[in-house]
Amino acid sequence: MRNFALVDCNNFYVSCERLFDPSLERRPVVVLSNNDGCIIARSEEAKGLGIGMGEPYFKLESFMAKQGVKVLSSNYALYGDLSHRVMDVLQQLEPEVEVYSIDEAFVVLPAIKGRSVKEYATQVRRQIKQHVGIPVSIGIGPTKTLAKLANRVAKKESNSRGVFDIAECDSIDALLAKFPTSDVWGIGRRYAEKLQKGGITNALHLKNADDAWLRKNLTVVGLRTATELRGKPCIEVEDVPPARKSIVSSRSFGRPVDTLEELKEAVASYVTIAAEKLRSQNLTVSALHVFVQTNRFRKNQPQYAASQTARLVQHTANTSHLISRALVCLEQIYKSGYQYQKVGVMLTDLTGAGSVQMPLFGGVTERPELMSALDQVNARWGRNPLQNAAAGIEKKWGMKQQFKSKGYTTRWDELPVVKASLS
């Protein structure tokens, strides 16, 4: 029997912030979304104050100030770097690792003679804490779905000490009966509603449900989930991430924008980000989608939203080619007299760079060497020391990040400074 483990970083964004600011330990801490809009991460202390996920910051600002809650803007560069370090430790320890999200990974744990799987997982947990400083919880099960449920126990039950093996449970059925179906991996809101109507309200009910009923109402996906709850693995660890179908780059502005010039800067900046992601995955694109919208919550202002798609003559990953087509799209949908809140770019019809068929007539020069040099310089010296001039310099429309911490591991000028004395 294989042992699947789900390694999940505890309150990941908050843990990243605490790593470089120990004064945040044992304090209520929240992290806000882009433009300091909503709460997207909370420490256990903040959860204890009743602060919910997704709550708008402006509604709780006064309450959190009275409670001494530390508020931070999201620092995705820092979180991404620390996530990479956690995953790197796992990949050094085990060959079968699936990076599932920025703070989660599935791992196949080996059977070691003379040691239980739980003992080994405890060692893995200790090594991640020692090498990176991020606390994690580990759930173990004979399938990925059961490992997911085991991880919830590892996080909530203090006596588990961060590691829970579902095989050591006195009664797995009794444990499954405690989880509503909505807590089961792969069961979304619509599936949960269907199950509710069929009288299936918890994970044990789902495990014992009729296969024909599941296939009819939840397709093979639901049947596969039920089979996994029975301890039979149906979902293997994916060593290679599935190919992406699209890349989206979009942000809300830090302030309303009404001029075409500033919108052009924003579109060029987002195309630059999307094109970097495109090349990092060795992909090319042949369709580009640009969209704009005003703030729909400002009922007293005129509202407008529009989008435009462009088909490219050939697949490309060249930033300049993509920017030129995106700006044409923007000019076609731009209307003056509106206060724009958001603009974005989506790249679709992605294809591997090695399997592109060039057009017989009308093609453009791709210049992959130039793009490669651009990416190498930017990777070494931080975000965009080199960029297309259309993306602008000051970017006054940029995101609001009033409480952002330093780039402790991602910017040379913000590295932590340690002072010591020999006296």
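The values are calculated or read from the model by the stated rules, or taken from the named source; none is laboratory data. Remember, predicted model here, so these are calculated numbers, not experimental data. A quick note on method: Cβ atoms are made from the backbone with ideal geometry, for glycine too, and the neighbour counts reach across all protein chains shown. Note: areas computed on protein heavy atoms with side chains; ligands, DNA, RNA excluded. Shrake-Rupley method; radii C 1.70, N 1.55, O 1.52, S 1.80 Å.
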Q) Just for the Cα atoms in the chain, what are the lengths along the principal axes, largest first, rounded to whole Å? A) 70, 65, 49
**Q.** Accessible solvent surface per residue of the stretch 363-413, calculated while the other protein chains remain in place, 1.4 angstrom probe, Å²
**A.** 75 Å²
Q. Roughly speaking, to the nearest percent, how much of the chain's 1.4 Å accessible area is carbon and sulfur?
A. 51 percent
Q: Amide H neighbours of residue 41 under 5 Å, at least 5 residues apart or on other chains, H built in the peptide plane: list them.
A: 31
**Q.** Spherically averaged projected area in nm², based on the convex hull that wraps the Cα atoms of the stretch 66-223
**A.** 12.9 nm²
Q) For the stretch 170-304, what number results from the quotient of the Cα radius of gyration and 2.2 N^0.38 Å? A) 1.61
(Q) Could you work out the percent of alpha carbon pairs in the stretch 1-122 separated by over 27 Å, rounded to a whole number? (A) 32 percent
**Q.** Within the stretch 82-216, percent of DSSP bridges classed antiparallel, to nearest 5
**A.** 60 percent
**Q.** Mean shadow area of the stretch 228-367, taken as a quarter of the surface of its Cα convex hull (nm²)
**A.** 12.4 nm²
Q. Hey, what angle do you get for helix 117-131 against the long axis of the chain, alpha-carbon based, 0 to 90 degrees rounded to 10?
A. 40 degrees
Q.
So if I take the centroid of the Cα atoms in the stretch 8-45 and the same for the stretch 255-319, what is the distance between those two points in Å?
A. 30 Å
Q.
Could you work out the pair-distance distribution P(r) of the stretch 132-231 from its alpha-carbon pairs, with 10 angstrom bin width and percents rounded to whole numbers?
A. 17, 48, 26, 9, 1
Q) Can you give the translational diffusion coefficient of the stretch 1-67 in µm²/s, computed by Stokes-Einstein from the Kirkwood radius over Cα pairs at 37 °C and 0.692 mPa s? A) 251 µm²/s
(Q) Angle check, please: helix 368-381 long axis (alpha carbons) against the longest principal axis of the chain (alpha carbons), in degrees 0 to 90, nearest 10. (A) 70 degrees
**Q.** Karplus 3J(HN,Hα) series, Hz, for the stretch 326-332 with 6.51 cos²θ - 1.76 cosθ + 1.60 (x for Gly, Pro)
**A.** 5, 5, 5, 4, 4, 4, 6
Q. Kirkwood-based Rg over Rh for the stretch 337-416 (C-alpha set), two decimals?
A. 1.06
Q. Size of the dipole of the chain about the Cα centre, Lys and Arg at +1 and Asp and Glu at -1 on the beta carbon, nothing else charged, in debye to 20?
A. 900 debye
Q: Mind pulling the angle between the C-alpha long axis of helix 144-156 and the longest principal axis of the chain? Nearest 10 degrees, somewhere in 0 to 90.
A: 80 degrees
Q: Write out the trypsin sites (Lys or Arg not before Pro) in the stretch 277-381 meeting two conditions: DSSP loop, and at most 16 other Cβ atoms within 10 Å of their Cβ.
A: 296, 298, 299, 335
(Q) For the stretch 291-401, I need the span (max minus min coordinate) of the C-alpha atoms along each principal axis, in Å, sorted largest to smallest. (A) 51, 36, 21
**Q.** Exposed GluC sites (Glu not before Pro) absent - longest run of the chain, DSSP non-H/G/I/E/B, at most 10 other C-beta within 10 Å
**A.** 26-393
Q: Over the chain, calculate the relative contact order: mean separation of alpha carbon pairs under 8 Å at least 6 apart, over the residue count, as a percent.
A: 16 percent
(Q) Against the 2.2 N^0.38 Å scaling, with N counting residues, where does the stretch 236-282 land? I'd like the Cα-based Rg ratio to two decimal places. (A) 1.61
Q: Give me the distance between the Cα centres of the stretch 106-127 and the stretch 369-423, rounded to whole Å.
A: 38 Å
Q.
Suppose all protein chains stay in the model; what accessible area per residue would a 1.4 Å probe give for the stretch 1-106, in Å²?
A. 45 Å²
